[in-house]
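Engineer: Please see the structure below; I have some questions.
The values are calculated or read from the model by the stated rules, or taken from the named source; none is laboratory data. All of these numbers come straight from a predicted model, not from anything done at the bench. Neighbour counts run over all protein chains shown; Cβ positions are idealised from the backbone, glycine included.
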């Protein structure tokens, strides 16, 4: 008596465009990550690599372990750093954190 028929809904119209619009937020997130995280990190790594290539004898350096010293000898991958009278330490170039200038306080 009071029973009515229920009809299923058909497929949405224009289904091809929805796939492209669903990827737009993912693409925007990747672009934001690139400009906020990846690009600055690559720039900093490039500056550090250029700093390491420019190290020469007599430069004052600080290692990543916090040791202050003066460069005595530069080799391919290592640097001989004088940290006190008659005390020299051989350090990999990668572990040099900064090259100090005369203007910086100790």
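Engineer: Could you list, ordered by first residue, the pairs with Cβ atoms under 8 Å in which the first is in segment 1-28 and at pLDDT 70 or above and the second is assigned to a loop (DSSP other than H, G, I, E, B), at least 6 apart or interchain?
Structural biologist: Partner pairs satisfying both residue conditions: 18/12.
Engineer: Taking the condition touching a helix residue (DSSP H, G or I) at 6+ places or on another chain (Cβ under 7 Å) and surrounded by 10 or more Cβ atoms within 10 Å (Cβ to Cβ), does residue 80 pass? Outline the logic, then answer.
Structural biologist: Numbers: touching a helix residue (DSSP H, G or I) at 6+ places or on another chain (Cβ under 7 Å): no; surrounded by 10 or more Cβ atoms within 10 Å (Cβ to Cβ): yes.
No.
Engineer: Turning to a different aspect of this structure: Could you please let me know if residue 75 is within 18 Å of residue 101 (Cα to Cα) and either loosely packed, with under 11 Cβ neighbours inside 10 Å or modelled with pLDDT under 95 (or both)?
Structural biologist: On the way: within 18 Å of residue 101 (Cα to Cα): no; either loosely packed, with under 11 Cβ neighbours inside 10 Å or modelled with pLDDT under 95 (or both): yes.
So residue 75 does not fit the description; no.
Engineer: Can you name the condition, by its number, that residue 68 falls short on among (1) outside the structural domain of residue 96 (by TED's automatic domain parsing); (2) farther than 16 Å from residue 93 by Cβ?
Structural biologist: Evaluating residue 68 over (1) outside the structural domain of residue 96 (by TED's automatic domain parsing); (2) farther than 16 Å from residue 93 by Cβ leaves (1) as the failure.
Engineer: While we're on this one: Against the definition (touching a strand residue (DSSP E or B) at 6+ places or on another chain (Cβ under 7 Å) and either assigned to a loop (DSSP other than H, G, I, E, B) or without any contact (Cβ under 8 Å) to a residue 60 or more places away in the chain (or both)), how does residue 43 come out, yes or no?
Structural biologist: Working: touching a strand residue (DSSP E or B) at 6+ places or on another chain (Cβ under 7 Å): no; either assigned to a loop (DSSP other than H, G, I, E, B) or without any contact (Cβ under 8 Å) to a residue 60 or more places away in the chain (or both): yes.
So residue 43 does not fit the description; no.
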